[in-house]
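Peer 1: Sending over a structure as C-alpha cells; questions will come in a sec.
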Amino acid sequence: MTPIIERHAAMVYRIAVTQLKQPQDAEDVVQEVFLTYLRKPVVFQNQDHERAWFAKTALHRARNVLRLAERRHRADGAPLELLPAPNRDETLHAALLSLPEDSATLLYLHYNERMDIALLAEVLNISRSLVKKRLVSTRRQLRAILEVDDHD
C-alpha cells in the first residue's frame with residue numbers, strides 16, 4: 001500500500017460509513033476515492049490540503065451513493081438498511097446514527113480526525129462561522145438525544 005493510502009484510508013472509510021451506514025458501500029467509496037487520486041494525482045500544498053482533499057472527495061462520493069440509493073428506494077419502495085450498532089457503546093452510536101448525516105460527519109471530522117474550524121470550512125465548503133454554529137447545534141442535538149435516552 002502506498003504511504004498516501006496508508007495515511008488516509010481509515011479516515012476515508014470512516015467518513016463513508018458515517019454517511020452511508022453500510023460497510024460494503026463505504027468500502028466501495030474508499031476504492032473510488034483512491035482510484036480518483038491514482039488516475040489523476042493531485043499536487044498538495046501541504047498536509048492539511050492533502051487531508052482536506054481526501055475528506056472532501058470521500059464526502060462527495062458518499063453523497064453520490066446516497067443520492068443513487070434514494071432514487072432506487074423511490075423506484076422499488078425497498079427500505080434502506082442501517083448498520084447495526086457496535087457493542088462497545090450502543091447508546092452513543094445509536095444517538096450518532098439518529099443525527100442527520102451531515103451532522104454526524106461534522107462531529108466525526110472535528111473530534112476523530114481532529115480537523116480545526118478552518119479545515120472543516122474548506123472540506124465542507126461553508127464559512128468558518130457556519131461551521132461553529134453547526135458544531136454548537138449538533139452538540140445540542142446529541143446532548144438532547146442522550147438525555148432522552150437517560151430518562152427512558
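The values are calculated or read from the model by the stated rules, or taken from the named source; none is laboratory data. This is a predicted model, so every value here is computed, not measured. We place every Cβ from the backbone using ideal geometry, glycine too, and count neighbours over all the protein chains shown. Keep in mind that these areas ignore ligands, DNA and RNA; they rest on the heavy atoms of the full protein, side chains included. Shrake-Rupley method; radii C 1.70, N 1.55, O 1.52, S 1.80 Å.
Peer 1: Could you check, for the range 51-66, whether at least one of its residues is modelled with pLDDT of 70 or more, more than 19 Å from A26 (Cβ to Cβ) and part of a loop (DSSP other than H, G, I, E, B)?
Peer 2: No.
Peer 1: At pLDDT 85 or above and among the hydroxyl-bearing types (S, T, Y): is that true of S129 in this structure?
Peer 2: Yes, satisfied.
Peer 1: Can you tell me how many residues in the range 33-56 are within 15 Å of the chain's Cα centre (by Cα) and open to solvent by 20 Å² or more (accessible area, probe 1.4 Å)?
Peer 2: Taking the range 33-56 first, the residues within 15 Å of the chain's Cα centre (by Cα) are 33, 51-56.
This time we only want the ones that are open to solvent by 20 Å² or more (accessible area, probe 1.4 Å), so: 51, 53, 56.
The qualifying residues number 3.
Peer 1: Turning to a different aspect of this structure: Of everything in the range 16-28 that's out of contact with any Phe, Trp or Tyr (no Cβ under 8 Å at 6 or more places or on another chain) and under 16 Å from R67 (Cβ atoms), which residue is surrounded by the fewest Cβ atoms within 10 Å (Cβ to Cβ)?
Peer 2: Result: D28.
Peer 1: What's the total number of residues in the range 117-152 that are surrounded by fewer than 14 Cβ atoms within 10 Å (Cβ to Cβ) and touching an Asp or Glu at 6+ places or on another chain (Cβ under 9 Å)?
Peer 2: Qualifying residue count, the range 117-152: 1.
Peer 1: Being of a type in the set (A, V, I, L, M, F, W, C) and at pLDDT below 85 is the filter here; which residues of the range 87-111 pass it?
Peer 2: Hits for the range 87-111 are L92, A94, A95, L96, L97.
Peer 1: Next question. Among the residues of the range 143-151, is any farther than 26 Å from R61 by Cα, part of a helix (DSSP H, G or I) and at pLDDT 90 or above? Please lay out each step first, then the result.
Peer 2: Let us first name the residues in the range 143-151 that are farther than 26 Å from R61 by Cα, namely 143-151.
Narrowing further to those that are part of a helix (DSSP H, G or I): 143-151.
Add one more test, that the residue is at pLDDT 90 or above, and what stays is none.
Looking for residues that are farther than 26 Å from R61 by Cα, part of a helix (DSSP H, G or I) and at pLDDT 90 or above, one finds none in the range 143-151, hence no.
Peer 1: So which residues in the range 112-126 are of a type outside the set (A, V, I, L, M) and modelled with pLDDT of 85 or more?
Peer 2: Residues of the range 112-126 that are of a type outside the set (A, V, I, L, M), as a first pass: 112-114, 116, 122, 125.
Selection gives R114, D116, E122, N125.
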